[in-house]
1. Go through region A:77-93 and give me each residue that's more than 10 Å from chain B (Cβ to nearest Cβ), in a helix (DSSP H, G or I) and either among the hydrophobic types (A, V, I, L, M, F, W, C) or touching a helix residue (DSSP H, G or I) at 6+ places or on another chain (Cβ under 7 Å) (or both).
2. Out of all the residues in region B:417-424, is one or more surrounded by 19 or more Cβ atoms within 10 Å (Cβ to Cβ), closer than 17 Å to B:Ile454 by Cα and touching a strand residue (DSSP E or B) at 6+ places or on another chain (Cβ under 9 Å)?
3. Return the residue satisfying two criteria in turn: it lies in region B:569-584 and is under 23 Å from the mean Cα position of the chain (by Cα) and not in a helix (DSSP H, G or I), and of such residues it is surrounded by the most Cβ atoms within 10 Å (Cβ to Cβ).
4. Of everything in region A:136-153, what is loosely packed, with under 13 Cβ neighbours inside 10 Å, among the small types (Gly, Ala, Ser) and either in a helix (DSSP H, G or I) or modelled with pLDDT of 95 or more (or both)? Give them in sequence order.
5. Tell me which residues, restricted to region B:535-568, are surrounded by fewer than 18 Cβ atoms within 10 Å (Cβ to Cβ) and under 24 Å from B:Ser483 (Cα atoms).
6. Inside region A:256-277, can you point out the residues that are of a type in the set (Gly, Ala, Ser), facing another protein chain (nearest Cβ under 7 Å) and over 24 Å from B:Gln467 (Cβ atoms)?
7. Looking at B:Ile282, is it over 20 Å from B:Phe580 (Cβ atoms), of a type outside the set (Gly, Ala, Ser), buried (at least 20 other Cβ atoms within 10 Å of the Cβ) and in contact with a strand residue (DSSP E or B) (Cβ under 9 Å, 6 or more places away or on another chain)?
Amino acid sequence: MSLTSYIIRRLLYVIPVLLGVCFLVFLLFNVVSPDPTISMLGKHATQAQVLELREVLGLNEPLHIQYFNTVKSAFTFDFGRSWSTKQEISEMIKSGAIPSATVTFPAFIISFLLSVSISLFVAFYRGTFFDRAAVVVCVTLMSISSLVYILVGQWFFAFHLGWFEISGYEEGFPDVVPYVLLPILIIVVLSVGPDVRFYRTIMLDEIYQDYVRTARAKGLSEKVIMFKHVLKNAMVSIITYVVLKIPFLILGSLLIESFFGIPGLGGITLKAVNSSDYPVIKAMTVLSAIALIIFNLLTDVLYKVVDPRVQLK
Amino acid sequence: MRFPSLLLFLLASSLLFTSCTKKTDEKGKTLYLAVSSQVKGMDPIYANDRYSGNEVARVYEGLLQYDYFRRPYTLAPNLAEAMPTVSEDGLTYTFKVLKGVVFQDDAAFPEGKGRELTAEDFVYSIKRLADPKLQGLGWWLLDGKIKGLNEWRNKYAELPKTDYEEEVEGLKALDRYTLQFKLSKPFPQFLYSLAMPFTYAVAREVVEKYGDEFLNHPVGTGPFAIRDGVFKQTKKIYYVKNPTFREKLYPCEGSEEFKEKGFLKDCGKKLPLVDRLEVNIIEENQPRWLNFEKGRVDFVAVPKDNFDSVIPDAKNLGNDYKEKKIELLISPALDITYIAFNHDLALFKNNKKLRRAMSLAYDIDEANKKFNNNQAIRAQSIVPPGIAGYMESYKSPYRGRGRKEDIEKAKKLLAEAGFPEGKGLPVITYDCPNNTVSRHQGEYFQLQMAKIGINVKVIQNPWPELQKKITTRNVMTYGIAWSADYPDAENFLQLIYGPNRAPGANGSGYDNPEFNKLFKVASVMQDGPERTALYEKMNRMAAEEVPWIFLVHRQSFVVKHGWLKNYISTDFEAGISQYFDVDKKLKKETLKKL
């Protein structure tokens, strides 16, 4: 099967997946969940107002019409306005995705490069002091709660030493830089532990393969073996791990954004759930599902690129 | 790049960019404020939370306002020339709207020049609040109160489009500057509605130009205008002084306590006193507090976690803070926290003794220490201090304080209720929101009830789920709080008025015919000693009937930097930033020490 027809076929999978996602979201929020109008109207709601608002929001329509509207919005990307803030959802997502990505993308790239380099290094020196020390450091880093990094980082580096801004966000370069550096650094520290352990395991798996022994027997240098052979073969697993992380970068990080005052998408879904804001929940669920399908597809295509032996079926 | 090099690189970049972007000495004065919650938008009819209401009130204004320098809380004219004339039957209110007030300049007006505000703008703005298509969140304020307005609303709920031209009998502009309200029944609290952001004046041209996006294009008559004209849902909101703001002057009169403290020194100065305003939305306590300590924010409420270090004796600031010229303001809040019983259940409805026993078993003193730094006021009944109806010397006979005699009495009452040592009682559920403090409060309630043999199960819920449970009467007991919408005991007493049962404000469903009768009488009475006596009678009745376990009236602890002038803690914050001033010289000196 050609790559193009494979991609087309996989993209067509989006349709049943979206229908399924819409059904689940619809079932969870329109059928099972509490009446959103009560929390929207607040402490003075009357029965008459609840009924009126249900009418305005279309919650009195028959269920199949409501389901059809959910599906329609998913396929047209017209999610309307948030019930709680009355803001245009597409605008909310657009204006939140950029600040989120401003923090998470640099952090992602830095932590990826750093983790792969460290894991190659420790794999090369496997079993030595460096390797063991790296494992201990990684486990220690992983064992500390992210909240501790945030609280201590903010207090010590930003408040006490004054190296960074305590919190906030400014649009545009370079104004944004002092605000995002500390969050980036914290995300890097948070990611390095698990990432190094994961990449190290992959590298070690490869190092004991027959082709590495053959390469050594042929007299290739360790540098060539590590970078040309081991890294290349480890790429399939690394790509799976890395590419599937990308959609979550746009969604941001709830704690980091909340503590550093970054107007990203980190808390958008949680806030929507807490205020029964169905249009926002729908939009975020549908977009996350589409992003996951697309990045899964991208992963498969990349397999083929890094390893021509991979067959796409 | 190895880790230390990366750290050095980030650090160097930070210092470089911080110095590049650091603001040099600004011209004029800027206020730096911090709020703890996202602001939804700038449409007055949706401003049902404190944070959105405060932002709306920087740009928009109403006919009335709370006099910032008077206690008890008193209404004063704002966009009205004077307080209204009221007909003898208390049903007709006539206002003269201030002349010469203009809306901020905006493209919605001819040649972009803001036009003059008229009485018709209030008619339009209030109809907007009543518009069934918009579902304004402050409709409850006027529901059933203005003659013809409910009929108008009901008519257009059925039709595809609302007609604002159709006249409403009780809401008329008699001429360009005269506005008349006719009420369908006496409602003494009506004037408070006109000081709330829901009823602030908007311009029809602006609403029609921006349509659904109106909430992001605030154009009012207020002291500040949003910078660049567009509100963005971000973490910072910038305002500038409204260049076309009318000649509104700093007050020269006020309560003695404020006169004595020198709050009226700026008498006669043109408002607002600052040129710019920067509102930072900082949801977490730590960054909000650290920003305050660094001088990036002018005032904040003291977070619970910092309470002991900031106010070691619970009354005065620690010396470190005094040296930094930080000042502490303590003021009681108009609110109440409580545990409500579900009166639909025969278990509670018909068993006053059980309710009293549970109230007596609950040690409020220990709870106050645990959850309020021992600084809240123990609630004896429903009305908080600061408003008519509160009885300072009254002590409820069923207010438990952890004393041996309280527990003995509670046990005795429980036995008389038919449940000696709790035998025969089912497990009582306690529903609360799903946050840590609420859980701790639930567990504390569990411990208190265990003292007399009552088993309590704590159930945590997301907020919408808890509301649904309360509305559908699917709870046994639940913990909640109420803050005043306006400074009148009616706003608290209505919480146990039978006809207000859920989804109305009476979530517990308490329904006592005798109380209802008194409430009905008091609710149409004008303020005066007779009404106060009635409020006190109802307040006492509530204490003895124990429809809820009354917990506390909280106090607010705010710290401010010495350079911020004219800040007073208040329950009604709408519009107060126009009075604030900044002592730039003192700020410059103090910042060096922070």
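The values are calculated or read from the model by the stated rules, or taken from the named source; none is laboratory data. The structure displayed is predicted, hence computed values, not measured ones. Virtual Cβ from ideal backbone geometry, glycine too; neighbours counted across all protein chains shown.
1. Across region A:77-93, the qualifying residues are A:Ile89, A:Ile93.
2. no
3. B:Gly575
4. A:Ser143
5. Residues satisfying the conditions are B:Lys537, B:Arg540, B:Glu544, B:Gln555, B:Ser556, B:Val558.
6. Answer for region A:256-277, where residues must be of a type in the set (Gly, Ala, Ser), facing another protein chain (nearest Cβ under 7 Å) and over 24 Å from B:Gln467 (Cβ atoms): just A:Gly261.
7. Details: over 20 Å from B:Phe580 (Cβ atoms): no; of a type outside the set (Gly, Ala, Ser): yes; buried (at least 20 other Cβ atoms within 10 Å of the Cβ): yes; in contact with a strand residue (DSSP E or B) (Cβ under 9 Å, 6 or more places away or on another chain): yes.
So B:Ile282 does not fit the description; no.
Results for (1) at pLDDT 95 or above; (2) on the phi > 0 side of the Ramachandran plot; (3) part of a loop (DSSP other than H, G, I, E, B); (4) surrounded by 15 or more Cβ atoms within 10 Å (Cβ to Cβ), shown as yes or no for each residue.
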residue: B:Glu366; (1), (2), (3), (4): yes, no, no, yes
residue: B:Lys370; (1), (2), (3), (4): no, no, no, no
residue: B:Gln375; (1), (2), (3), (4): no, no, yes, yes
residue: B:Met391; (1), (2), (3), (4): no, no, yes, yes
residue: B:Asp406; (1), (2), (3), (4): yes, no, no, yes
residue: B:Ala410; (1), (2), (3), (4): yes, no, no, yes
residue: B:Ala415; (1), (2), (3), (4): yes, no, no, yes
residue: B:Gln441; (1), (2), (3), (4): yes, no, no, yes
residue: B:Tyr444; (1), (2), (3), (4): yes, no, no, yes
